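First comes the structure, then the notes that go with it.
The values are calculated or read from the model by the stated rules, or taken from the named source; none is laboratory data. Keep in mind that what you see is a predicted model, and the values were worked out from it rather than measured. Reconstructed Cβ throughout: ideal geometry from the backbone, glycine too, with neighbour counts over all protein chains shown.
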Amino acid sequence: MNVNDMIQSNNFLREKLNQNNKRYYENLLMYVRLSSWHHDEQAIESYLLSVLQDILDAQNDGQSAEKYFGKDPKRLADEYLQQLPNSGRTAIKMIGTIVLGYILFSMLPALVIPTKGIDFGTLIFSSLYMLLVIWFGFKYLAGTIYGMRQVINNRILNFALMWLASCLLVLPLMLIILFVKTPLIIKLTGWIGIIIILLLMAILIIYSHFAGYKKMGRPVILFSLELTLLGILTRLPVVGSYLTETKPGKNILAGLLAIFLVIFWIVTVVIIKSSENKGE
Amino acid sequence: MQPNISSQMLKGILQGVMLMILAKQPDYGYGISTQLNQYGLDNIPKGTIYPLLTAMEKRNYLVGKMQPSENGPDRKYYHVTQAGQVARQEFVQEWQFLAQIVNKLIEER
């Protein structure tokens with residue numbers, strides 16, 4: 001059984017848990033998944049599925065999840081996680097997804113408009129900051145499952161605190177993007193620009209294959225390929241100057257970008273819906 | 001009433017107990033926990049057995065195989081390996097040796 005099959009089975013079987021057992025198990029599941037970004041996904045999902053099947057058996061025998069698994073699930077989950085070796089693949093997948101996703105998003109204007117430069121220095125600084133924030137975010141969220149929740153019971157207060165924390169975390173990112181300027185500015189113009197864009201897309205496609213993002217990666221790949229097409233068009237000798245320098249050309253460019261965004265949105269919705277229908 | 005066995009003492013013993021149970025017949029998580037209960041270890045939180053099973057797999061004492069279960073989807077059945085059989089025998093010898101000493105001390109109290 002591969003990871004996706006196990007997640008699918010888990011989602012299906014979880015619905016058979018009674019309310020209390022479901023709450024107990026879902027806390028465990030969230031805690032383990034948030035704490036295991038550097039552990040082997042296959043081992044983690046196999047553990048989660050085994051525990052779920054066993055809790056279901058216990059439930060059928062009239063035993064609660066807490067009575068079966070124990071009163072201190074966090075300690076027991078930590079003990080299990082300690083037994084697992086670190087997995088470079090899972091860590092690279094997580095870091096790669098964040099960094100590649102962020103870089104692609106930041107480069108959108110420069111991909112389409114050749115004269116817009118990309119400050120790679122700023123990009124590196126802000127990517128590192130993003131990684132740091134997400135790392136602490138995971139730690140914090142995992143901690144809230146068995147810790148903070150008991151301390152701050154008020155839902156609204158909890159939400160307000162989360163919102164405040166998110167704003168405080170996003171602010172430095174904005175400051176980096178706005179004020180950190182480095183000499184590492186590269187303009188992706190002409191044929192060199194086209195080659196770099198094609199290379200970037202090749203990296204993205206190979207990475208998404210390596211990371212196993214089959215279905216959910218499709219809209220991003222499609223959107224990136226559309227942008228690649230636009231990027232190539234705007235860098236071609238005659239077509240490029242028409243699209244970027246004349247008014248009708250600019251309108252066509254904006255229109256195409258809008259259509260591509262709508263397609264991206266539709267494809268994403270369709271894929272999410274079809275996954276929901278299959279109980280994924 | 002069952003005494004609360006300290007976790008340090010339990011871990012070492014539980015590994016040996018599980019090796020003895022699985023040597024009789026391969027089993028999966030809930031099956032193992034049911035057997036532990038039958039032997040009187042029903043006070044132990046069964047979340048303890050999962051890290052132990054993984055640790056024993058790492059030491060090559062056990063090998064997990066996905067097999068169809070009586071009801072529902074495939075389960076991971078744990079089989080004792082040759083190294084596991086050796087570890088089981090060592091546990092039995094250590095246990096008998098220690099039990100002899102502790103029992104003697106108890107008798108002399």
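This table checks each residue for (1) assigned to a helix (DSSP H, G or I); (2) modelled with pLDDT under 95.
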{"site": "B:GLN15", "(1), (2)": "yes, yes"}
{"site": "B:MET20", "(1), (2)": "yes, no"}
{"site": "B:GLY31", "(1), (2)": "yes, yes"}
{"site": "B:ILE44", "(1), (2)": "no, yes"}
{"site": "B:GLY47", "(1), (2)": "yes, yes"}
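Within the range A:58-74, if we keep just the residues that are among the charged types (D, E, K, R) and surrounded by 16 or more Cβ atoms within 10 Å (Cβ to Cβ), the residue that is modelled with the highest pLDDT turns out to be A:GLU66.
In a residue-by-residue description of the range A:126-137, the property of being in a helix (DSSP H, G or I) and within 14 Å of chain B (Cβ to nearest Cβ) applies to no position. Is it the case, given these coordinates, that A:THR122 is touching a helix residue (DSSP H, G or I) at 6+ places or on another chain (Cβ under 8 Å), away from chain B (no Cβ under 14 Å), touching a residue at least 24 places away in the same chain (Cβ under 8 Å) and within 27 Å of A:LEU17 (Cβ to Cβ)? So A:THR122 does not fit the description; no. Candidates in the range B:47-63 are the residues that are within 20 Å of A:LYS71 (Cβ to Cβ) and touching a Gly at 6+ places or on another chain (Cβ under 9 Å); of these, the one that is nearest to the other protein chains (Cβ to nearest Cβ) is B:GLY47. Per the listing B:ILE32, B:ILE44, the residue uniquely at the interface with chain A (Cβ under 10 Å from one of its Cβ atoms), farther than 22 Å from A:PRO85 by Cα and in contact (Cβ under 8 Å) with a residue 40 or more places away in the chain is B:ILE32. Scanning for something at pLDDT below 85, in contact with a Lys or Arg (Cβ under 9 Å, 6 or more places away or on another chain) and either surrounded by 15 or more Cβ atoms within 10 Å (Cβ to Cβ) or more than 22 Å from A:ILE95 (Cα to Cα) (or both), does the range A:226-246 turn up at least one residue? Yes, some residue in the range A:226-246 is at pLDDT below 85, in contact with a Lys or Arg (Cβ under 9 Å, 6 or more places away or on another chain) and either surrounded by 15 or more Cβ atoms within 10 Å (Cβ to Cβ) or more than 22 Å from A:ILE95 (Cα to Cα) (or both).
So which residues in the range A:80-94 are assigned to a helix (DSSP H, G or I) and within 14 Å of chain B (Cβ to nearest Cβ), if there are any at all? If the condition is that a residue be assigned to a helix (DSSP H, G or I) and within 14 Å of chain B (Cβ to nearest Cβ), then A:TYR80, A:LEU81, A:GLN82, A:GLN83 are the ones that fit. Residues in the range A:170-199 that are in contact with a Gly (Cβ under 8 Å, 6 or more places away or on another chain) and hydrophobic (A, V, I, L, M, F, W, C): A:VAL180, A:LEU184, A:ILE185, A:ILE186, A:LEU188, A:ILE194, A:ILE197. Residues that are free of Cβ contacts under 8 Å to residues at least 12 places away in the same chain and surrounded by 13 or more Cβ atoms within 10 Å (Cβ to Cβ) within the range B:58-70 comprise just one, B:MET66. Among the candidates B:ALA83, B:ALA99, the residue that is more than 14 Å from chain A (Cβ to nearest Cβ), part of a helix (DSSP H, G or I), surrounded by 10 or more Cβ atoms within 10 Å (Cβ to Cβ) and more than 16 Å from the chain's Cα centre (by Cα) is uniquely B:ALA99.
Which of the residues belonging to the range A:2-21 are surrounded by fewer than 16 Cβ atoms within 10 Å (Cβ to Cβ) and free of Cβ contacts under 8 Å to residues at least 60 places away in the same chain? If the condition is that a residue be surrounded by fewer than 16 Cβ atoms within 10 Å (Cβ to Cβ) and free of Cβ contacts under 8 Å to residues at least 60 places away in the same chain, then A:ASN2, A:ASP5, A:GLU15, A:LYS16, A:ASN18, A:GLN19, A:ASN20 are the ones that fit.
The residues listed here are B:MET66, B:MET9; of these, the one that is modelled with pLDDT under 95, within 23 Å of A:PRO85 (Cα to Cα) and either assigned to a helix (DSSP H, G or I) or within 14 Å of chain A (Cβ to nearest Cβ) (or both) is B:MET66.
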